[in-house]
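The values are calculated or read from the model by the stated rules, or taken from the named source; none is laboratory data. Everything quoted here is computed from the prediction, not taken from an experiment. Virtual Cβ from ideal backbone geometry, glycine too; neighbours counted across all protein chains shown.
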Amino acid sequence: MSPKLNGTVIVTYRCNARCNMCNRYKAPSRPEEEISLETIRKLPPMYFTNITGGEPFIRTDLKEIVRELYKKSDRIVISTNGFFTDRIVDLCREFPNVGIRISIEGLEQTNNEIRGLEDGFNRGYTTLKNLREMGMKDVGFGMTVQDRNAPDLVPLYQISNEMGMEFATASLHNSFYFVESKNIIHDRPMVAQNFENLVNKLLKSNSPKKWMRAYFNHGLINYIYGQKRLLPCDMSFDTFFIDPYGDVMPCNGTKDKEVMGNLNDQTWDELWNSPEAEAVRKKVRCCDRNCWMIGSVSPAMHKYIWVPGIWVVWHKFKALIMKKPYSMYENKIVRDYRDGKVTKAELDRCSTCNLCGVTNDGLSDASREQLKHKTGEEIVDADIAAQIDVSV
Ligand code: SF4
Ligand code: SF4
């Protein structure tokens, strides 16, 4: 029997938020084209499944999707912006073991400015509190760190800690998935300093999971300075993404959509063993985008466990004798930049930011066609208004 995989199911490209680091809300999928239960039934056994979007809770059949996925997945985590509190609470009543990660981009004002959702912070926070009160165990915050919200990193971690929740971090990426090519960190030392503070807090905790998170955040400092990934990227070997159109892809970090096959038209085995899938794997082997997102790093941390393991042991030892066991200057590139050996322009060139680049959206022709008549925001707003009308 082949080993279980790690899969991410992008159930929709529709989104009700207006984040400053992601233009997906401008490029929605058409509901009629979005991945069906029939296609989901064809997915392989998985040890972990992430359900994401767009905003997954825009799909009114999300419960049926989760029900189907539980037949083949050991663990499911849903990433959401937390706006649809009632829908989230309702789903969690039926699936108390599901994990929920709500993206909160900083303290109240910062979050609302970045996410562009009226009262977004309070809605997200209230949703998380409700879930906690219901006894849900696997709930937490997700934060994408940029210049604007980096000072809120540790305060937000402290809030999540007090609530006994998980705290997942990321930083800016560019790809077809985010419909963005201009994301970049400007003040790297300031952002890195905030990551350093978080790493030290995580290392001082008594939780092995948090020590591993400390390593992940150390990797984020390396990433924002545009350096080679700390661990190999094995996406498409034992990990996959599937988009709303049934296209199976290695990851969500590529500039253009890379397709291994389509699960609407093929069986899983045909697709996974196809020459197209092999060609994508060859590209992954030479990929130089050096993403550091949990989707590609978590499987690598399990696979090459001795690398974060040794790092953790060394820093836990330092934590016994030092107040601040971790310094961002452990990264040579951070020292080099401080010492003027490398310029900001040189670091900018190491990033995936391309100010003149064409931004790809990964949409089908039919989804793109609807954008000729209306904006993505208008389409999704009308769609949500219609859903609410039907439900009252
Ligand atoms: S980051 Fe998520 S919530 Fe924000 S616009 Fe993109 S898909 Fe929507
Ligand atoms: S580094 Fe890995 S996750 Fe990033 S684009 Fe390349 S293959 Fe995808």
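Overview of values
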| quantity | calculated |
| --- | --- |
| Residues satisfying the stated conditions in segment 261-278, i.e. within 15 Å of ligand 2 (Cβ to nearest atom) and in contact with a Gly (Cβ under 9 Å, 6 or more places away or on another chain) | 277 |
| Unique match (being within 16 Å of ligand 1 (Cβ to nearest atom) and at pLDDT below 95) among 294, 321 | 294 |
| Selected residue (only one of 287, 356 is in contact with a Cys (Cβ under 7 Å, 6 or more places away or on another chain), among the hydrophobic types (A, V, I, L, M, F, W, C) and not in a helix (DSSP H, G or I)) | 287 |
| Matching option when the condition is within 13 Å of ligand 2 (Cβ to nearest atom) and either in a helix (DSSP H, G or I) or on the phi > 0 side of the Ramachandran plot (or both), among 349, 281, 335 | 281 |
| Contacts under 6 angstrom Cβ, first residue in segment 170-193 being in contact (Cβ under 8 Å) with a residue 24 or more places away in the chain, partner among the charged types (D, E, K, R), 6 or more apart | 174/180; 176/256; 176/257; 179/24; 179/361; 186/147; 187/147 |
| Selection from segment 198-247 of residues that are aliphatic (A, V, I, L, M) and not in a strand (DSSP E or B) | 198, 199, 202, 203, 212, 214, 220, 221, 224, 230, 231, 235 |
| Candidate set from segment 75-87 (those that are in contact (Cβ under 8 Å) with a residue 12 or more places away in the chain and more than 15 Å from residue 8 (Cβ to Cβ)); member that is surrounded by the fewest Cβ atoms within 10 Å (Cβ to Cβ) | 85 |
| Some residue of segment 160-169 being more than 30 Å from residue 320 (Cβ to Cβ), in a strand (DSSP E or B) and at pLDDT 95 or above | no |
| Identity of the residue in segment 107-135, in contact with a strand residue (DSSP E or B) (Cβ under 7 Å, 6 or more places away or on another chain) and of a type outside the set (Ser, Thr, Tyr), that ends up surrounded by the fewest Cβ atoms within 10 Å (Cβ to Cβ) | 132 |
| Pick from segment 238-252, criterion under 20 Å from residue 286 (Cα atoms) and either of a type in the set (S, T, N, Q) or at pLDDT 95 or above (or both), ranking: farthest from the chain's Cα centre (by Cα) | 248 |
| Verdict on residue 228 being within 30 Å of residue 42 (Cβ to Cβ), of a type in the set (D, E, K, R) and within 13 Å of ligand 2 (Cβ to nearest atom) | no |
| Inter-residue pairs, beta-carbon under 6 Å, first closer than 21 Å to residue 4 by Cβ and in segment 275-303, second charged (D, E, K, R) and within 10 Å of ligand 2 (Cβ to nearest atom), 6+ apart | 280/258 |
| Residues of segment 320-352 that turn out to be farther than 28 Å from residue 246 by Cα and touching a Lys or Arg at 6+ places or on another chain (Cβ under 6 Å), as a count | 2 |
| Neighbours by Cβ (under 8 Å, 6+ apart or cross-chain): first from segment 19-32, under 23 Å from residue 121 (Cβ atoms) and touching a residue at least 60 places away in the same chain (Cβ under 8 Å); second among the β-branched types (Val, Ile, Thr) and within 16 Å of ligand 2 (Cβ to nearest atom) | 21/144; 22/179; 23/179; 23/359; 24/179; 26/179 |
| Hits in segment 1-13 - residues which are in contact (Cβ under 8 Å) with a residue 60 or more places away in the chain and either more than 9 Å from ligand 1 (Cβ to nearest atom) or among the small types (Gly, Ala, Ser) (or both) | 3, 4, 5, 6, 7, 8, 9, 10, 11, 12 |
| Residue within segment 162-175 that is aromatic (Phe, Trp, Tyr) and closer than 21 Å to residue 50 by Cβ present | yes |
| Residues (within 16 Å of ligand 1 (Cβ to nearest atom) and either surrounded by fewer than 20 Cβ atoms within 10 Å (Cβ to Cβ) or closer than 21 Å to residue 115 by Cβ (or both)) located in segment 32-50 | 50 |
| Residue tally, condition within 8 Å of ligand 2 (Cβ to nearest atom) and either over 21 Å from the mean Cα position of the chain (by Cα) or charged (D, E, K, R) (or both), over segment 284-299 | 2 |
| Residues that are of a type in the set (D, E, K, R), out of contact with any helix residue (DSSP H, G or I) (no Cβ under 8 Å at 6 or more places or on another chain) and surrounded by 13 or more Cβ atoms within 10 Å (Cβ to Cβ), drawn from segment 333-367 | 336, 348 |
| Answer from 20, 81 - the residue that is within 11 Å of ligand 1 (Cβ to nearest atom), touching an Asp or Glu at 6+ places or on another chain (Cβ under 6 Å) and either of a type in the set (A, V, I, L, M, F, W, C) or closer than 22 Å to residue 175 by Cβ (or both) | 81 |
